Amino acid sequence: MARQTQTRNSFAILEQEITNCRKCPRLVPYREEVARTKRRAYRDWTYWGRPVPAFGDPESKLVIIGLAPAAHGANRTGRMFTGDRSGDFLYDQLYRAGFANQPESKRAEDGLKLKGALISAAIRCAPPANKPLPEEIRNCLPYLEQELALIRPRAILALGGIAMNTYLDLLKRQSVIASRAAYPFSHGASFALPGDLPRLFAAYHPSQQNTQTGRLTPAMFASVLRDIQDFLRN
């Protein structure tokens, strides 16, 4: 109980540090300009317009790593994968697999809770055209590193190649692995990592580009979640 309390307190402090971050000279004015000008459909919203912290339970066994907040999704709502089509797909799948208490994620106050999972990201600010620069990812990497050190998950699910490479680059920086070559990204892949590190699972990112073209189907994503559940049960 004492460790749980300490973890949650440390996580809250880290969350505050993330939401106040202004490290990236390209991302800060972009996210704030989007929040000022808004999209017409959301003109009555007060946009979050800041870095988006992780969402879920710090005691989780599974950490899901996404790419970045969407300009009019999480940058608007202040919660990972909330208020956009990617989130519609992701949370429906997490609900069906038992990782969420409801299938929809429209706003931060909608009562959604994750069960046994936490969602983080490679970067925490919405990037122009959803394409973060390498130095922006490096600026955010310490936040992911601190989250994983606090949570100590048993499994990691990387959504897309950038998210997976970000995590592998973190392991390279820690001198845990020598290169990413032994861990090529493909949907449904999973890897045992050195030592007592969590098992790494990979899935296509649930972007509209992937889900609307059939590159990623609900059945494909559900299969990955079943693999994770089987691993966590064992």
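Of all the criteria given as (1) buried (at least 18 other Cβ atoms within 10 Å of the Cβ); (2) under 24 Å from T7 (Cα atoms); (3) of a type outside the set (D, E, K, R); (4) free of Cβ contacts under 8 Å to residues at least 24 places away in the same chain, the one not satisfied by G195 is (1). Residues that are within 16 Å of the chain's Cα centre (by Cα) and open to solvent by 30 Å² or more (accessible area, probe 1.4 Å) were ranked within region 93-115; the one that is nearest to I151 (Cα to Cα) is K115. For region 57-73, the set of residues classified as within 16 Å of E15 (Cβ to Cβ) and buried (at least 22 other Cβ atoms within 10 Å of the Cβ) consists of V63, P69, listed by residue number. Scanning region 70-84 for residues that are under 20 Å from F99 (Cβ atoms) and either aromatic (F, W, Y) or in a loop (DSSP other than H, G, I, E, B) (or both) gives G73, R79, M80, F81, T82, G83, D84. Assess whether A54 counts as being aliphatic (A, V, I, L, M) and out of contact with any Leu (no Cβ under 7 Å at 6 or more places or on another chain). Here the answer is no, as A54 does not meet what is asked. Looking at this structure, is R31 outside any loop (DSSP other than H, G, I, E, B) and not hydroxyl-bearing (S, T, Y)? Against the criterion (outside any loop (DSSP other than H, G, I, E, B) and not hydroxyl-bearing (S, T, Y)), R31 qualifies.
For the criterion of being part of a loop (DSSP other than H, G, I, E, B), open to solvent by less than 20 Å² (accessible area, probe 1.4 Å) and under 30 Å from P29 (Cβ atoms), P206 passes. Of all the numbered requirements in (1) at pLDDT below 95; (2) touching a strand residue (DSSP E or B) at 6+ places or on another chain (Cβ under 6 Å), G66 misses one, and that requirement is (1).
The residue of region 34-48 that is nearest to L148 (Cα to Cα), among those that are open to solvent by 70 Å² or more (accessible area, probe 1.4 Å) and out of contact with any Gly (no Cβ under 9 Å at 6 or more places or on another chain), is T46. Just wondering, is there one or more residues in region 70-92 that are over 27 Å from Q146 (Cα atoms) and touching a strand residue (DSSP E or B) at 6+ places or on another chain (Cβ under 9 Å)? For region 70-92, residues over 27 Å from Q146 (Cα atoms) and touching a strand residue (DSSP E or B) at 6+ places or on another chain (Cβ under 9 Å): present. With respect to G188, determine if the residue is modelled with pLDDT of 95 or more, closer than 21 Å to F89 by Cβ and exposed (fewer than 13 other Cβ atoms within 10 Å of the Cβ). When the stated conditions are applied, G188 does not pass them. Remark: pairs (first residue in region 116-128, over 20 Å from F11 (Cβ atoms); second residue part of a loop (DSSP other than H, G, I, E, B) and open to solvent by 10 Å² or more (accessible area, probe 1.4 Å); Cβ separation under 8 Å; 6+ apart in sequence or on different chains) = A126/A68; A126/A70; A126/A71; P127/R26; P127/A68; P127/L133; P128/R26. Summed over region 6-25, residues that are within 23 Å of D84 (Cα to Cα) and touching a helix residue (DSSP H, G or I) at 6+ places or on another chain (Cβ under 8 Å) total 1. Across region 1-23, the qualifying residues are those that are part of a helix (DSSP H, G or I) and free of Cβ contacts under 8 Å to residues at least 12 places away in the same chain, and the one among them that is farthest from S120 (Cα to Cα) is A2. Scanning region 117-172 for residues that are charged (D, E, K, R) and assigned to a helix (DSSP H, G or I), we see that the one that is most open to solvent (accessible area, probe 1.4 Å) is R138.
The values are calculated or read from the model by the stated rules, or taken from the named source; none is laboratory data. Just so it is clear, the model here is predicted, and its values are computed rather than measured. Ideal geometry is used to build each Cβ from the backbone, glycine not excepted, and the neighbour counts take in all protein chains shown. For accessibility, only protein heavy atoms count, side chains too; no ligands or nucleic acids. Shrake-Rupley method; radii C 1.70, N 1.55, O 1.52, S 1.80 Å.
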